[in-house]
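The values are calculated or read from the model by the stated rules, or taken from the named source; none is laboratory data. As the structure is a prediction and not an experimental result, all values here were calculated from the model. Positions of Cβ are backbone-derived with ideal geometry, glycine not excepted, and every protein chain shown enters the neighbour counts.
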């Protein structure tokens, strides 16, 4: 068994836990000073390397520090953009980090007992999606949902109006045209909103 601690630049543990959940990275997220760390107990160091690689892709231009302890050996390395960039002397890395990192790595404390720890496996994918959503994205999602409801109402109006209009009722045909315009405009708005998101 090995213990892996991945120190990340993420300042909000809940957002890191959500990102881990959405990327199928299990473990505990623990606040460490101004940063957050992912702590994993695994059967191989390869699992830690895969997790550090995935998290470093999420961190953008920032580095992620991987610390892995297997038996008496401690391995440390910096990851950026999914790749291991450099090996780091473990002692030097631990000297520059809060004491809790060393305690987690050496298993003198368990991650679930650390203050502010979040169990990634206990978080649902829905909670994770909500935690990663910025206020701008939430507003965009609400607006898109509203236009989807308008599109549905327009489509229902087209169908009902067409059924009534089959009896050659000119008012019903006018209703079909209005419903078709509403339906088309709402689809246009949904497309515009989703294109803006990219």
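Could you identify the single residue in 117, 162 that is surrounded by 15 or more Cβ atoms within 10 Å (Cβ to Cβ), farther than 30 Å from residue 74 by Cα and touching a helix residue (DSSP H, G or I) at 6+ places or on another chain (Cβ under 6 Å)?
It is 162.
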Contact list, first residue from region 26-48 and on the phi > 0 side of the Ramachandran plot and at pLDDT 90 or above, second anywhere and surrounded by 15 or more Cβ atoms within 10 Å (Cβ to Cβ) and in a strand (DSSP E or B), beta-carbon distance below 8 Å, six or more apart or interchain, is 27/4; 27/38; 27/39; 27/40; 27/41
The lone condition residue 86 fails out of (1) in a helix (DSSP H, G or I); (2) more than 24 Å from residue 17 (Cα to Cα); (3) under 31 Å from the mean Cα position of the chain (by Cα); (4) free of Cβ contacts under 8 Å to residues at least 24 places away in the same chain is (1)
Condition check for residue 17: surrounded by 18 or more Cβ atoms within 10 Å (Cβ to Cβ), farther than 20 Å from residue 117 by Cα and modelled with pLDDT of 90 or more:
no
Residues being outside any loop (DSSP other than H, G, I, E, B) and in contact (Cβ under 8 Å) with a residue 12 or more places away in the chain: count how many of those fall in region 108-129.
10
Lone unmet requirement of (1) free of Cβ contacts under 8 Å to residues at least 40 places away in the same chain; (2) outside any strand (DSSP E or B); (3) in contact with a strand residue (DSSP E or B) (Cβ under 8 Å, 6 or more places away or on another chain) for residue 51:
(1)
Matching residues in region 58-74 - criterion: being surrounded by 12 or more Cβ atoms within 10 Å (Cβ to Cβ), part of a strand (DSSP E or B) and out of contact with any strand residue (DSSP E or B) (no Cβ under 6 Å at 6 or more places or on another chain):
74
Here the residues within region 83-96 that are at pLDDT 90 or above and either under 11 Å from residue 3 (Cα atoms) or surrounded by 13 or more Cβ atoms within 10 Å (Cβ to Cβ) (or both) are 84, 85
